1. For region 73-89, which residues satisfy the criterion of being within 20 Å of the chain's Cα centre (by Cα) and among the hydroxyl-bearing types (Ser, Thr, Tyr)?
2. Inspect region 53-61 for any residue being at pLDDT 80 or above and either of a type in the set (D, E, K, R) or in contact with a strand residue (DSSP E or B) (Cβ under 7 Å, 6 or more places away or on another chain) (or both) and give the result as yes or no.
3. Could you check how many residues of region 175-200 are of a type in the set (A, V, I, L, M, F, W, C) and touching an Asp or Glu at 6+ places or on another chain (Cβ under 8 Å)?
4. Please tell me if residue 134 is of a type outside the set (Ser, Thr, Tyr), modelled with pLDDT under 95, within 26 Å of residue 204 (Cβ to Cβ) and in contact with a strand residue (DSSP E or B) (Cβ under 6 Å, 6 or more places away or on another chain).
5. If only one of 142, 124 is outside any loop (DSSP other than H, G, I, E, B) and in contact with a Lys or Arg (Cβ under 8 Å, 6 or more places away or on another chain), which one is it?
Amino acid sequence: MRALAVFVAFGTLAAVAACGQKSGTKTAETPKAATATSPAPSTVTGEAAATAPAAPAPTMPSWPKRKPGLWTQTMTLKAQGFTRSFRFCVDETSDEKMGLDSQGDDKRCQRKSMTRGMDGGWTVVSACDMGAAGKTDSTIHVAGDFNTRYVMDVTSTTTGAAQPAMNGEHKMNMTAEWSGACPAGWSGGDVEMPGGRRMNLLTKTVSAG
């Protein structure tokens, strides 16, 4: 069930790595000798220095929002040859709390970068410390139309997990297609489980299909 919740929330573990990358080393230029006409270097001291405005921190772009309604999501774990489909009801609240960017609010994860490519797709690199479940570095790429159909590819590497099978590199592909309005009786956050029952991933309540 934990894997199901993670998958539906944003495909799987998301996020991506590349920690500890070394920045390129630059060779300092030899300063030129000052001339008689060179202006004296200006300095900011005292109260002026204390009140100098700090440079604004860079902000990362936000994920696009999915169209409200019923989404059919098909997940494939490539190495295991495992494929499964789920139907998930999305509304504004569930997309905000369990959407494509839900991992961004997880204090166990640190986003390294988020970029948008020329093809309009999004790539996120992040690292998560999941305690007994190990440390996971992941790269997630999402492309498509978030009103009709999108595809997500995730490559993650886990180390230090208590369960050996969780360690190593894992690849997952997910295709999501908008199928129309959510059926009568469904609420945002409802996911259809095997056997036809539904579980709401926000309230953790289970209901008959």
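The values are calculated or read from the model by the stated rules, or taken from the named source; none is laboratory data. Remember, it's a predicted structure, so these values are computed and weren't measured experimentally. Here Cβ is always computed from backbone atoms with ideal geometry, including for glycine, and neighbour counts include all displayed protein chains.
1. Passing the criteria: 74, 76.
2. no
3. Residues of region 175-200 that are of a type in the set (A, V, I, L, M, F, W, C), as a first pass: 176, 178, 181-182, 184, 186, 191, 193, 199.
Retained after the next criterion (residues that are touching an Asp or Glu at 6+ places or on another chain (Cβ under 8 Å)): 182, 199.
The qualifying residues number 2.
4. Values: of a type outside the set (Ser, Thr, Tyr): yes; modelled with pLDDT under 95: yes; within 26 Å of residue 204 (Cβ to Cβ): yes; in contact with a strand residue (DSSP E or B) (Cβ under 6 Å, 6 or more places away or on another chain): yes.
It is true that residue 134 is of a type outside the set (Ser, Thr, Tyr), modelled with pLDDT under 95, within 26 Å of residue 204 (Cβ to Cβ) and in contact with a strand residue (DSSP E or B) (Cβ under 6 Å, 6 or more places away or on another chain).
5. Values: 142 fails: in contact with a Lys or Arg (Cβ under 8 Å, 6 or more places away or on another chain).
Residue meeting the stated conditions: 124.
Okay, residues lined up against (1) under 23 Å from residue 67 (Cβ atoms); (2) among the β-branched types (Val, Ile, Thr); (3) free of Cβ contacts under 8 Å to residues at least 40 places away in the same chain; (4) surrounded by fewer than 16 Cβ atoms within 10 Å (Cβ to Cβ):
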| site | (1), (2), (3), (4) |
| --- | --- |
| 109 | no, no, no, no |
| 118 | no, no, yes, yes |
| 137 | no, no, no, no |
| 164 | no, no, yes, yes |
| 184 | yes, no, yes, yes |
| 192 | yes, no, no, no |
